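Single-structure report; data block below.
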Number of protein chains: 4
Amino acid sequence: MKFSFKNDYSEGCHPNILQALLQYNLDQQAGYGEDEYSLKAKTLIKEKINNHNSEVFLVSGGTQANLIVISAILKPYQCVISAAPGHILNNETGAIEATGHKVLSIDTADGKLKPSDIIPVLEGHSNVPHQVMPKLVYISNSTELGTIYQAKELEELSVFCKQNKLYLFMDGARLGHGLTSEISDLTLEKVALLTDVFYLGGTKNGALIGEAIIVNNPVLQEDFAFNIKQKGALLAKGRLLGIQFMELMKDNLYFDLAKHANQQAMKIKNALQKKGAAFLSDTYTNQIFPILSNDLIETLSEKFEFYVWKKVDENFSAIRLITSWNTGDEAVNRFIEIIETELP
Amino acid sequence: MKFSFKNDYSEGCHPNILQALLQYNLDQQAGYGEDEYSLKAKTLIKEKINNHNSEVFLVSGGTQANLIVISAILKPYQCVISAAPGHILNNETGAIEATGHKVLSIDTADGKLKPSDIIPVLEGHSNVPHQVMPKLVYISNSTELGTIYQAKELEELSVFCKQNKLYLFMDGARLGHGLTSEISDLTLEKVALLTDVFYLGGTKNGALIGEAIIVNNPVLQEDFAFNIKQKGALLAKGRLLGIQFMELMKDNLYFDLAKHANQQAMKIKNALQKKGAAFLSDTYTNQIFPILSNDLIETLSEKFEFYVWKKVDENFSAIRLITSWNTGDEAVNRFIEIIETELP
Amino acid sequence: MKFSFKNDYSEGCHPNILQALLQYNLDQQAGYGEDEYSLKAKTLIKEKINNHNSEVFLVSGGTQANLIVISAILKPYQCVISAAPGHILNNETGAIEATGHKVLSIDTADGKLKPSDIIPVLEGHSNVPHQVMPKLVYISNSTELGTIYQAKELEELSVFCKQNKLYLFMDGARLGHGLTSEISDLTLEKVALLTDVFYLGGTKNGALIGEAIIVNNPVLQEDFAFNIKQKGALLAKGRLLGIQFMELMKDNLYFDLAKHANQQAMKIKNALQKKGAAFLSDTYTNQIFPILSNDLIETLSEKFEFYVWKKVDENFSAIRLITSWNTGDEAVNRFIEIIETELP
Amino acid sequence: MKFSFKNDYSEGCHPNILQALLQYNLDQQAGYGEDEYSLKAKTLIKEKINNHNSEVFLVSGGTQANLIVISAILKPYQCVISAAPGHILNNETGAIEATGHKVLSIDTADGKLKPSDIIPVLEGHSNVPHQVMPKLVYISNSTELGTIYQAKELEELSVFCKQNKLYLFMDGARLGHGLTSEISDLTLEKVALLTDVFYLGGTKNGALIGEAIIVNNPVLQEDFAFNIKQKGALLAKGRLLGIQFMELMKDNLYFDLAKHANQQAMKIKNALQKKGAAFLSDTYTNQIFPILSNDLIETLSEKFEFYVWKKVDENFSAIRLITSWNTGDEAVNRFIEIIETELP
């Protein structure tokens, strides 16, 4: 069977999680997230963000987290601002609109948002009450293009949002990868300080399912749990989510896993760079987008699965490679070997 | 620690499931329910219902299943009919209304719906276009009161719905318990034949999470998957749901687990009946509602957890006891012992 | 042609309105409610309620007013409490649910709500976060059964709502009739003082279309206009609404019209009472519900249109008679004549 | 007072309408659009489109018409395709999204859609079920930029939509102006033949309020009236809409009014063209967008009201002038006089 670099959710979960599921399996616990593992997981998260006034809610997946957070925050006439590659814009079957809210799209080269990107959108929505009111800025870190926010960038965005009475919400499906990127100077603590809401993605970083929504802004905490239940996200056996995040938050497991994924991607990136390969974008996380000849792509695809992302010209295309917490050296080395053999 | 008869989701999952999660953990699989375990689970379900034209969708929980099915089926001006104790009416934070649809409530003594209950509702909604149009009948089996539908009852309801152009949807959060009740003459195959949509509940019958939605009516199958994704219910690691239902559907595990839960409840019921205890309703599934003296309830609550359901008079109240796939003989026997000692 | 007592919207509008429409027809005015007639109308309304801090919004009809107000106020998980005959429950095709909100129904004999009716609903919705949160109390004055709120009743309800953090919203489709009832001790000023939002109905009291929503609670005023536009209720030629309310609010026209309608109904009521007729409910507004023999009903229906409301026994039924601002003496006298001739 | 060229809804309505409102004012009629004027208006419209199988629904305004039609047609996961200047995208406060549906925007120079514009959108939405499903094409005629569809263009679009199982919906807020443009070869009959749904705008063409929705596709007619009521658009005194459309459809009034508006705009256009003025777009309806020097704009704005639409360079800007059914020769001539005096 071919090794797959298609995504970071091809495998099951980290063995510690399975071990814990086994260990606690027959203990009777309260339902709906009131089990002791969930409570422990929430405490560990609050310690890691160094803010015990934040509130934590564990849900199953990213689309669910996005639609719950956004519909909980916005009034009917308010809308979201997102960079064009934003997951909520393209890959969630209109989940946000289904809760009644428009998502405005901003074209950006790197999938990130800066205040200067947002200003014209605000200016273009001043015809009260004939237009939706922009109220929430949605960003991803790492982004859907593998890029990341640095501390200064997030600070500027955060200040801008406060000045303009906009909420700032970070989709952290790959937050572990963003924060452990070798070039990142951003910390989890700072993310919690600078955003109104964000989430820590488990699904793409070693869990079976699970995203931990962290609501920092006290105004947004009120009655938040109702939204979780109403959207069908409150698991009767909340223990399943609790145990996973309890394990991921122990020691530094969550970040170790993400770092490993990043490092495996960087090994491939470095091998490609040594051979002079170009990239669609300059990333330092677990997603890379090398531009290769169609011949080489064909050779590689005999041994590996991955997406051909974009045709560049007649002879060259960009491919997308994603590594995960479980991508082993063997697969990486085999891939590099082919690169080194086949690239001139 | 006290043993809990509060609900059927206090424990983790059946060991076979954990075993399978371990066994397949590191196999790379396609995401979003295209993994081989999900495909296998769906095949097994179709075999059990003896209908390969039905379509199966695996989701995380009951509220999620309910809101997806109902919002997928109804047009904006159509509504649901439910018996008053229906889970969607009382325990799902308005999840159905949040998708835009009214739920009409019908008072019934036993939590079940008969054609004669529905006729007056249809007659009372004939002022076109000033009233919502009833279009979907929602029933639970076993019901929220522990009662069940017999084959003849479901047949009559099914015929009535077809005659009146109503869809029939069965909430099967406890369908295993309903079908393995010692008095039930209904089969899974018949349920699939008589309903437009139903689901097989995993969460309350040995899984960690998971309900299998089965769409029998071909008209309702079209594009159904979009609804799953839009409501945030399409797990990236669909394998988690697939493995669970694959294991539950193997041999007769799903039904064995439900039968066990029922039997444990019946043991307690019989012990109580021998002592002449009365019951709020006459149930043959894993929920029983004995009426006991407040003194006895206090004594029992020192050793067991359960809900006091309803005050009957000054001295007596009904309690609710729920058993599960994992309720052992020890807890049951200890409970019976107290009954036998304390009841005259 | 038969004279119709079927409803209070059978005729066009009061001649003063048509006169003003003619007079101002060709003046160019700003659109979307910024015309001078709308501004004048709003000022007149604020004077009549003696509160210049309230905000006034003119919309086309009652269902529109109800769905805008309720969806503007409530968060997704919050719901409405209404008496069972409430217009939003039975006669608006699920308009409120279509905006995502459940409406809880309370059975009451007279179509009115008292604190003691609401308390059990609040108590029955305490299972956080598994149930919707009651947040808005919807009442009508006069009610759908023709009954009215007295000052003391509304005060008690208002205090209760404040104590329980509930908003109080009065559907005033027939508020003119309620306030000018011969037994009413409630004033428009008091209504504005005691409710968070209410509206003054024009459609059923002399206008062609139009309800004036009055938002008294400053918290609810913020950005309210966006909701009007989003729900399709902001007329480009807002002047149509403005001119109508400007005319209705001049002198005492609005209340004179309602009083006339009430008086015509009372004439018929008195004639019936003199003859010993019984009534389904004891009303003092423009709706009466006399119980008559089927023979007499048949005789009356040869000359008049009205609804047979409810079968009382084999030989008797209640009918509903509604009078309007334009119900003349001739029709009333002819009706009374038959009564006096035919009733023993 | 300055004459306003700001929009086509500054004045009241055509005198015939007021005359009819007066004439029929005190006739008692059935409510909710069952009055004889509404029935007559619908018959006249069906005659004009030469299709008695179409169904006609009268509502108050354009945003209301758009949100009702779109939410009635689409399933929850389906979306709309619109040209970027589409009214539903920019000027309706997210009314469509508030009913749960995304609107995809296509950049086009002239505000019109061609099959070749739509193909890439369909291709870009093929990742089932992770993306919304495009299902309805929304066009305006005349467009928000004053341009129009010719018969051949609409035919090609209609064929394309049928081939791709897309519904075609024409916003006809200014359909009269589109069809009576001096260059238009499209007829009302053909519009009805080529679209699934369209509407005839009254508000911007001589009515006080009112748009006539015409549902041509029989599949979409089923139960359509429920949507009208649910969205708060069913007027109790439907006669107000009926009388207006009855008058507008008599003889050729509707089209005469639109033609007049177009002609007045063309007079100004011609005067400007003679003087060599450039235009932002080449329009033949009642909207023109001349590019003038800032000095001339200032001079004109002392006598007239209009919008400055777009800055072109340091010294020049485009303005928007809109004429209406009631724009008289005097205003037009005064405007032209200034042009002829001030332009070299």
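The values are calculated or read from the model by the stated rules, or taken from the named source; none is laboratory data. This structure is a prediction, so every number in the text was calculated from the model and none was measured. Please note: Cβ atoms are built from the backbone with ideal geometry, for glycine as well, and neighbour counts cover all protein chains shown. Heavy atoms of the whole protein, side chains included, go into the accessibility calculation; ligands, DNA and RNA do not. Shrake-Rupley method; radii C 1.70, N 1.55, O 1.52, S 1.80 Å.
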From the label point of residue C:337, set 7 Å along Cα to the beta carbon, how far off in nm is each other copy's matching point, shortest first? 6.5, 9.2, 11.0
Counting other Cβ atoms within 10 Å, keep those with at most 16, restrict to DSSP loop, and tell me which chymotrypsin sites (Phe, Trp or Tyr not before Pro) in region B:9-117 are left. none
If each DSSP helix of 4+ residues adds -39,500 (n - 2.57) and the sum is divided by the residues in chain A, what number results at 222 nm, nearest 500 deg cm²/dmol? -12500 deg cm²/dmol
Per 10 Å bin from zero, what fraction in whole % of the C-alpha pairs of region D:15-253 is there, up to the bin with the longest pair? 8, 33, 36, 17, 5, 1
Write down the radius of gyration of region A:166-305 and its Dmax, each obtained from C-alpha positions, in Å. 18.6, 57
Quick check: the distance between the Cα centres of region A:231-246 and region A:152-178, to the nearest angstrom? 26
In region D:223-251, whose amide N lies under 20 Å from the spot 7 Å out along Cα-to-Cβ of residue D:43? List them in ranges. D:238-251
Check the axis relating chain B to chain C and name the residue of B whose C-beta is nearest, distance in whole Å. B:97, 2
Carbon and sulfur atoms: what percent of the 1.4 Å accessible area of chain B do they account for? 48
Positions from region D:8-22 whose accessible area shrinks by 20 Å² or more when the full protein complex is built, not the chain alone, probe 1.4 Å: D:9, D:10, D:11, D:12, D:18, D:21, D:22
Starting from a Cα-only point model with no solvent, please compute log10 I(q)/I(0) by Debye for region A:1-108 at q = 0.12, 0.21 1/Å. -0.69, -1.16
Counting every Cα pair in region A:247-322, what percent are over 21 Å apart? 32
Any residues in region D:234-272 that have 30 Å² or more less accessible area with all protein chains than in their chain alone, probe 1.4 Å, and which are they? D:235, D:236, D:237, D:239, D:240
What longest range of chain A stays clear of loop-exposed GluC sites (Glu not before Pro) (DSSP non-H/G/I/E/B, at most 15 other C-beta within 10 angstrom)? A:35-181
For region A:37-68 and region B:37-97, what is the centre-to-centre distance using only Cα atoms, to the nearest Å? 28
Take every DSSP beta bridge with both residues inside region C:15-252 and express the antiparallel ones as a percent of the total, to the nearest 5. 40
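Mind checking the per residue accessible area of the protein assembly as shown for me, 1.4 Å probe, whole number of Å²?
I get 36 Å² per residue for the protein assembly as shown.
Report the percentage of all Cα-Cα pairs in the protein assembly as shown whose separation exceeds 66 Å, rounded to a whole percent.
On the way: 120914 of 946000 pairs.
The proportion of pairs with Cα distances above 66 Å equals 13 percent.
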With solvent modelled as a 1.4 Å probe, how much accessible area in total do chains A and B shield from it at their shared surface, in Å² to the nearest 100? 4100
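Cα convex hull of region D:25-77: mean projected area in nm², to one decimal?
For region D:25-77, the mean projected area of the Cα convex hull comes to 5.3 nm².
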Which of the residues in region C:70-105 lose at least 30 Å² of accessible area when you go from the chain alone to all protein chains together (probe 1.4 Å)? C:76, C:77, C:90, C:91, C:93, C:97, C:98, C:100, C:102
How charged is the neighbourhood of residue D:51? Take every other residue with its Cβ under 14 Å from the Cβ of residue D:51, and add Lys/Arg as +1 and Asp/Glu as -1. 0
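Ratio of alpha-carbon Rg to the 2.2 N^0.38 Å globular estimate for region C:107-195, to two decimals, please.
Values: Rg = 13.7 Å, N = 89, 2.2 N^0.38 = 12.1 Å.
Cα-based Rg divided by the globular estimate yields 1.13.
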I need the inter-copy label distances for residue C:27: point set 7 Å along Cα to C-beta, values in nm with one decimal, smallest first. 3.1, 7.6, 7.9
